[in-house]
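Report on one structure; see the data block that follows.
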Amino acid sequence: MSLVRRGRVFDPFADFWDPFDVFRSVVPAASTGRDTAAFANARIDWKETPEAHVFKADLPGVKKEEVKVEVEDGNVLVISGQRSKEKEDKNDRWHRVERSSGQFMRRFRLPENAKVDQVKAGLENGVLTVTVPKAEVKKPEVKAIEISG
């Protein structure tokens, strides 16, 4: 699920729908032969702490070199990558293929308070953690006006 701002109010439950992007992030890449369904629906959690937005993705079997974390258009976090297909030997006889391989891509529109120039990412034990620090929210200055009369 991508997120969108409505006016000046950030609505984390609003869906951002792009008719062309939907297929890139949901539909498996074309596969041939023994390729399994693409790894398109990588599960990602997004939580907000007082200091940052934290994204966690389960990517078992994916190497650091196969994952890309980018910020597009100034405020869209893009997590993409590929799980390589296991090499086959002519003498192997497969009984079941359930693990998926292929490409995945997820996009998240970040809120205005995200410091996109300070994004950090790490991959440990098959879990990708992306941390986007938050800028301090400045409270509007209130000035009392004396009423005459």
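The values are calculated or read from the model by the stated rules, or taken from the named source; none is laboratory data. Just so it is clear, the structure is predicted and the values come from calculations on it, not from any experiment. So basically every Cβ, Gly included, is an ideal-geometry build from the backbone, and we count neighbours across all protein chains shown. Each accessible area value is taken on the protein alone, full model and side chains, heavy atoms only, with ligands, DNA and RNA left out. Shrake-Rupley method; radii C 1.70, N 1.55, O 1.52, S 1.80 Å.
When the range 79-120 is limited to residues that are assigned to a loop (DSSP other than H, G, I, E, B) and among the basic types (K, R), the one that is nearest to A52 (Cα to Cα) turns out to be K115.
Remark: pairs (first residue in the range 45-61, among the acidic types (D, E); second residue open to solvent by 80 Å² or more (accessible area, probe 1.4 Å); Cβ separation under 7 Å; 6+ apart in sequence or on different chains) = D45/K56; D58/R43. Consider K63 carefully, then state whether it is surrounded by 12 or more Cβ atoms within 10 Å (Cβ to Cβ), in contact with a Ser or Thr (Cβ under 9 Å, 6 or more places away or on another chain), closer than 12 Å to A121 by Cα and of a type outside the set (A, V, I, L, M). No, not satisfied.
Among the residues of the range 93-108, is there at least one that is over 25 Å from R43 (Cα atoms) and aromatic (F, W, Y)? Yes, there is a match, as at least one residue in the range 93-108 is over 25 Å from R43 (Cα atoms) and aromatic (F, W, Y).
Condition test on L123, is it in contact with a Leu (Cβ under 6 Å, 6 or more places away or on another chain) and assigned to a strand (DSSP E or B)? Spelling it out, it is not the case that L123 is in contact with a Leu (Cβ under 6 Å, 6 or more places away or on another chain) and assigned to a strand (DSSP E or B).
Scanning the range 66-111 for residues that are surrounded by 12 or more Cβ atoms within 10 Å (Cβ to Cβ) and basic (K, R) yields a total of 7. Taken over the range 58-78, residues that are assigned to a loop (DSSP other than H, G, I, E, B) and charged (D, E, K, R) amount to 2. F13 satisfies every condition listed in (1) at pLDDT below 85; (2) closer than 21 Å to V130 by Cα; (3) surrounded by 10 or more Cβ atoms within 10 Å (Cβ to Cβ) except (3).
Scan the range 66-80 for residues that are within 18 Å of G126 (Cβ to Cβ) and in contact (Cβ under 8 Å) with a residue 40 or more places away in the chain and the total you get is 3.
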